[in-house]
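For reference, the structure is listed below as structure tokens.
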Amino acid sequence: MSIERVHTYINAQRDYFLEAWKRLVAQPSISAQNKGVRQCAQLLEDIMRAAGIKTRRFETAGQPIVYGEVRSDRPEALTLLFYGHYDVQPPEPLEKWLSPPFEPSVRDGRLYGRGAADNKGQLLPHVFAVQAYLEAVGSLPINVKFVFEGEEESGSIHLPEFIQENRELLAADLVFTSDGPMHDSGAPVVFFGVRGILSVELVLETAGQDNHSGNKGGVIPNAAWEMVELLATMRDESGRVTIEGFYDDVLPPSTYDLELIAKLPYDPDQLAQVFGVAQLPWSKEEFYRRLTLEPTLTINGLVSGYTGPGSKTIIPGRAAAKLDMRLVANQDPEDILAKLRAHVARHNPNVRVIHHGHMFPSRTRADLPVCQTVVRAIRAAYGREPLVMPALGGSLPDYVWTRLLGLPSVGVPYANADEANHAPNENMRLDCFFQGIHASAQVIHELGQTEGA
């Protein structure tokens, strides 16, 4: 069978794939600092062209987007679009790294370096799977497209505009993303959505400076008290958000969502230990519903008054709080922002609401035939049943595919659970990297076998 020749080729080219991976990781591409990103885009283009992929660079108002395409000989073939990002997080604190972050090092079966897993080590398997198919078979059973952006770690600011301007070019039947970690048991994960996010800051100034808590105590306002009183109006004792209209557009879980949750593993004692908390009081269904299908309001930080050693008897004149809201389908971050502003205006009109950014939630029906084909492919690639999740708790720019283009989108992380992404000593196990190449090849094969492909 053709897929067997592809897997044989992948195994024979492990050294080549590893060296190309190391070259890409060695090239800094820190979008937050505009460091090395364009050079990395060029290097990625070179690797893709060497793989037999027709490649083109699209300029944006920020960092470039690398686009690639390979057409099948079959006119009726479906089209799979691989998404990933080649930019990385800043590597600080540098003193915590055991080896320099942009000098990739193989130790104990892992490649260490910034971007090794997030996301260079997870986008390259798609490239190498296509290369393996072209070299071992001569052609692909489906059409394949690639969109690799250079600003995901900075909020994917210019990706929506690129999508809107290139709708015809990006026409596809399915979008496939590899990002994040597999389950800590080593089981592969397939997910069909992500939560959106809205980030804001609340700022209150009640005086031009801090004041003496005795000489002026009881006669002037206290910014810290007013801020915590405002925050206390935003949720009740059960943790339910009390901003008016916050839950209006939240979709109830489908029967299929609940069936997926019922199949997921859940050990509250083990998870409590991993999370560093005393206990998790939720049942399995409550845990996964709260984590993936329900929105949140989180206080990320509070700053006010004096917090240094000893005492300083002052009345704070300023208080600030940073918040994020993780949003689920069909919530609109712009609508939630308006509702938050209205809530703040009712309770304390002196508080300013500063909008720091947002990302829409995204969901795909997991029971779509093309999605079930991906699940079968991952099962075949890993030789075990994948954990199928209706959505992740985190956020990715997945909405650009599902909301702007109306495409189904599926995510399959390839990295090990302890990848340390965004942290010092980021790493990806070599076996996870090579297995990812096999997995991408298997997905291409299975989609090529589906009716109408």
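Take peptides 9-17, 397-405 and line them up by average Cβ neighbours within 10 Å, highest first, as a rough protection proxy.
397-405, 9-17
Ranked highest first by average number of other Cβ atoms within 10 Å, how do 96-102, 123-129 line up? Can you show the working numbers first?
On the way: 96-102: 16.1, 123-129: 27.7.
In descending order of packing, they fall as 123-129, 96-102.
Stokes-Einstein D for segment 273-357 at 20 °C, 1.002 mPa s, Kirkwood Rh over Cα pairs, in µm²/s? Numbers along the way, then the final one.
Details: Rh = 16.3 Å.
D = 131 µm²/s.
Expressed in nm to one decimal, what extension gain is obtained for the pair Arg365 and Ala32 from 0.36 nm per residue of sequence separation less their Cα-Cα distance? Display every interim value, and only then the final one.
Working: separation 333, 0.36 × 333 = 119.88 nm, distance 3.38 nm.
Length difference between fully extended and current span is 116.5 nm.
Determine the calculated [θ] at 222 nm for the chain from helices alone, applying -39500 (n - 2.57) to every DSSP H run no shorter than 4 residues and normalising by the residue count; nearest 500 deg cm²/dmol. Please list the in-between numbers first.
On the way: 12 runs with 142 residues, N = 453.
The per-residue figure over the chain is -9500 deg cm²/dmol.
Which FRET efficiency value, to the nearest 0.05, do you get for Val274 and Val219 by plugging their Cβ-Cβ distance into 1/(1 + (r/R0)^6) with R0 = 45 Å? Could you put the intermediate results ahead of the total?
Working: r = 49 Å, r/R0 = 1.10.
That gives a FRET efficiency of 0.35.
If the label point is 7 Å along Cα→Cβ of Ala262, which residues in segment 278-294 have backbone nitrogen under 13 Å from it?
Backbone N within reach: 285.
Once Rh for segment 368-426 is found with the Kirkwood sum over Cα pairs, what is the Stokes-Einstein diffusion coefficient at 25 °C and 0.890 mPa s, in µm²/s?
Working: Rh = 13.7 Å.
For the chosen part, D equals 179 µm²/s.
May I ask you to evaluate 6.51 cos²θ - 1.76 cosθ + 1.60, the Karplus curve with θ = phi - 60°, for each residue of segment 109-115 and list the ³J(HN,Hα) values in order in whole Hz, giving x for glycine and proline?
x, 9, 9, 9, x, 5, x
Please identify the helices of the chain, taking whole runs of DSSP H, that span at least 15 Å along their own axis as judged from the Cα atoms and have a mean Kyte-Doolittle score of -1.0 or higher.
Working: long enough: 2-12 (16 Å, -0.23); 14-26 (18 Å, -0.30); 37-50 (20 Å, 0.09); 120-136 (23 Å, 0.42); 333-347 (21 Å, -0.41); 369-382 (20 Å, 0.64); 430-449 (29 Å, 0.35).
Qualifying helices: 2-12, 14-26, 37-50, 120-136, 333-347, 369-382, 430-449.
Check cross-link reach from Lys54 to the lysines: straight Cα distance under 20 Å, and skip same-chain residues fewer than eight apart.
Lys120, Lys145
Identify which of the listed values of volume of the Cα convex hull per residue in Å³ was calculated from the structure shown: (i) 184; (ii) 272; (iii) 165.
The calculated read-out lines up with (iii).
Just so you know, all these numbers are worked out from the coordinates, no wet-lab data involved. Only a predicted model underlies this, so the values are computations on that prediction, with no experimental measurement involved. Don't worry about glycine lacking a Cβ; one is built from the backbone with ideal geometry, like all the others, and counts go over all protein chains shown.
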